[in-house]
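**Student:** Structure provided below as structure tokens; questions to follow.
The values are calculated or read from the model by the stated rules, or taken from the named source; none is laboratory data. Here the structure is a predicted model, which is why all the values come from computation and not from measurement. With ideal geometry, Cβ positions are generated from the backbone for all residues, glycine too; neighbour counts draw on all protein chains shown.
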Amino acid sequence: MTPNKLISLTFSSLFAFFAYSQSTVDQVLLNSLQDERLDGVKAQLEYYDTHSFKSPLFRELDLRVRGNDLNDIPERYGLRLGLLNPKEMQANNNFDKANKIFLANRYNYLINQILAEKYKLLIYDYSLLLKEANLRNEAERIKSFQLSKKAIVDLDDWIKIDHSLLDAELKHAELQLEKEQSKADLAGIDSTTLGINWDRFSMIQVGQMRTVLDDAISSSKLNQLALASQALDLDRLKLSIDYAESRSNLGFLQAGYDTDGDWGLKNHLAYQVGISIPIFNKDRPKLQRDELDLIENEYQLRYLSTSNRDVDMQVFNRFNAVLITYNMLNNKYEELLVIARTGVVDVDAFISLGTYLSSVNERKDQAYIELLGYYIDILENRGILAAEPYLNYLSPLLSDLSDY
């Protein structure tokens, strides 16, 4: 085997290895379900499976023994059951059910956030792919023109052409640093990701994004506002538990046995009933302070509701504004492609057209990337990213991640 063939085979093998090692888009998104940030909530949900937060039927159980003096054996025995406030039992049961639902929803909310983070990193990585394709096409176009004019071009024109080619190649070289940083960013939140394999992936088109968003307007899932509302409800339930616990001692029932007395079992048995009169409550100041904080939290939730609605509308408006820009740039790019295909003889005209074509294509790609970002923002704000079944919202067919 010749040295050239050996080198070629080595590079081919290395390329195949790195391509195989790269992750698919579906794989990167699916790995979100194994993110370490979910471990805390998972542990809490597992704790619920093995522990109960329900209140006992009685507050306490006392065994009481009494003697007349230290030299005598005990003469009286008593078994006392402390009565628990039924409202405390009900409040604990209500909190138990609500908190388990809240933790499950918080788990989904975290998945929604993690997926949004992954989507944005994927979009950025894809934007570099578009830049690279644009620069590569520009360099190939210049080389083709340079080759066709090699025999007749003068030195001044050659310098102009070669300068344009050098600019494109330098930009391409600088872009490799951005690609490496993008790879590092992805590996920072997912150590199994060594890069993204975009070769067999088709990105969602603008019209499909619009269709998904039209459905999203009427199908809001669990989002920040819903989770905050549930957290406030939990705080109210905690306060109701605290109020009930402050009245926890309703009294007691006590059965007694006295060794001293006449013959017959009934002459030795006794009982006591105690009832706590709820006139005083030493916990009232603290409970009222907690209730005061809840009032503030309720108004903060109202503000969050208004703020979220405004932000949602702003993002929709930005999406629509950028969509208009994208369509304008796309139409202009198609016009310029027709001109470029007809062929340009003059060197200055060729360079001007190439600069114009690259600029329009770059701005078109930037608008497309912005649309993808707003598209994911809207889905994230509405909690749709974590709705089951988990879908790949960058895929034209919204592929099911569970099929991966």
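**Student:** Can you tell me which residue among 123, 114, 101 is out of contact with any Leu (no Cβ under 9 Å at 6 or more places or on another chain) and at pLDDT 85 or above? I'd like the intermediate steps shown before the answer.
**Tutor:** On the way: 123 fails: out of contact with any Leu (no Cβ under 9 Å at 6 or more places or on another chain); 114 fails: out of contact with any Leu (no Cβ under 9 Å at 6 or more places or on another chain).
So the residue among 123, 114, 101 that is out of contact with any Leu (no Cβ under 9 Å at 6 or more places or on another chain) and at pLDDT 85 or above is 101.
**Student:** Continuing with this model, one more query. Can you name the condition, by its number, that residue 79 falls short on among (1) closer than 30 Å to residue 271 by Cβ; (2) crowded, with 17+ Cβ neighbours inside 10 Å?
**Tutor:** Of (1) closer than 30 Å to residue 271 by Cβ; (2) crowded, with 17+ Cβ neighbours inside 10 Å, only one is false for residue 79: (2).
**Student:** Find the residue count for the range 279-326, including only residues that are at pLDDT 85 or above and of a type in the set (S, T, N, Q).
**Tutor:** Within the range 279-326, residues that are at pLDDT 85 or above and of a type in the set (S, T, N, Q) number 4.
**Student:** Among the residues of the range 200-235 satisfying the criterion of being of a type in the set (Lys, Arg) and more than 19 Å from residue 104 (Cα to Cα), which is surrounded by the most Cβ atoms within 10 Å (Cβ to Cβ)?
**Tutor:** For the range 200-235, the residue satisfying everything is 210.
**Student:** So which residues in the range 51-74 are within 29 Å of residue 249 (Cβ to Cβ), in a loop (DSSP other than H, G, I, E, B) and of a type outside the set (Lys, Arg)?
**Tutor:** 51, 52, 53, 55, 56, 57, 67, 74
**Student:** Let me ask something additional. Quick one: is residue 368 within 28 Å of residue 198 (Cα to Cα), touching a Lys or Arg at 6+ places or on another chain (Cβ under 9 Å), assigned to a helix (DSSP H, G or I) and hydroxyl-bearing (Ser, Thr, Tyr)?
**Tutor:** In short, no.
**Student:** Pick out the one residue from 359, 395, 402, 305 that is touching a Ser or Thr at 6+ places or on another chain (Cβ under 9 Å) and surrounded by fewer than 16 Cβ atoms within 10 Å (Cβ to Cβ).
**Tutor:** The unique qualifying residue is 305.
**Student:** Could you list, in sequence order, all residues of the range 338-393 that are among the basic types (Lys, Arg) and touching a residue at least 12 places away in the same chain (Cβ under 8 Å)?
**Tutor:** Once the filter is applied, which keeps residues that are among the basic types (Lys, Arg) and touching a residue at least 12 places away in the same chain (Cβ under 8 Å), the range 338-393 yields 363, 364, 382.
**Student:** Please tell me if residue 260 is surrounded by fewer than 12 Cβ atoms within 10 Å (Cβ to Cβ), among the acidic types (Asp, Glu) and not in a helix (DSSP H, G or I).
**Tutor:** Against the criterion (surrounded by fewer than 12 Cβ atoms within 10 Å (Cβ to Cβ), among the acidic types (Asp, Glu) and not in a helix (DSSP H, G or I)), residue 260 qualifies.
**Student:** Also, quick follow-up: Among the residues that make up the range 266-283, is at least one of them under 30 Å from residue 103 (Cβ atoms), surrounded by 11 or more Cβ atoms within 10 Å (Cβ to Cβ) and in contact (Cβ under 8 Å) with a residue 40 or more places away in the chain? Don't jump to the end; show me each part of the working.
**Tutor:** At the first step, the residues of the range 266-283 found to be under 30 Å from residue 103 (Cβ atoms) are 283.
Still in the list and also surrounded by 11 or more Cβ atoms within 10 Å (Cβ to Cβ): 283.
From what is left, the residues that are in contact (Cβ under 8 Å) with a residue 40 or more places away in the chain are 283.
Looking for residues that are under 30 Å from residue 103 (Cβ atoms), surrounded by 11 or more Cβ atoms within 10 Å (Cβ to Cβ) and in contact (Cβ under 8 Å) with a residue 40 or more places away in the chain, one finds at least one in the range 266-283, hence yes.
**Student:** Confirm whether residue 48 is surrounded by 12 or more Cβ atoms within 10 Å (Cβ to Cβ) and either closer than 20 Å to residue 251 by Cα or touching a residue at least 60 places away in the same chain (Cβ under 8 Å) (or both). Explain how you work it out, then say what you get.
**Tutor:** Values: surrounded by 12 or more Cβ atoms within 10 Å (Cβ to Cβ): yes; either closer than 20 Å to residue 251 by Cα or touching a residue at least 60 places away in the same chain (Cβ under 8 Å) (or both): no.
It is false that residue 48 is surrounded by 12 or more Cβ atoms within 10 Å (Cβ to Cβ) and either closer than 20 Å to residue 251 by Cα or touching a residue at least 60 places away in the same chain (Cβ under 8 Å) (or both).
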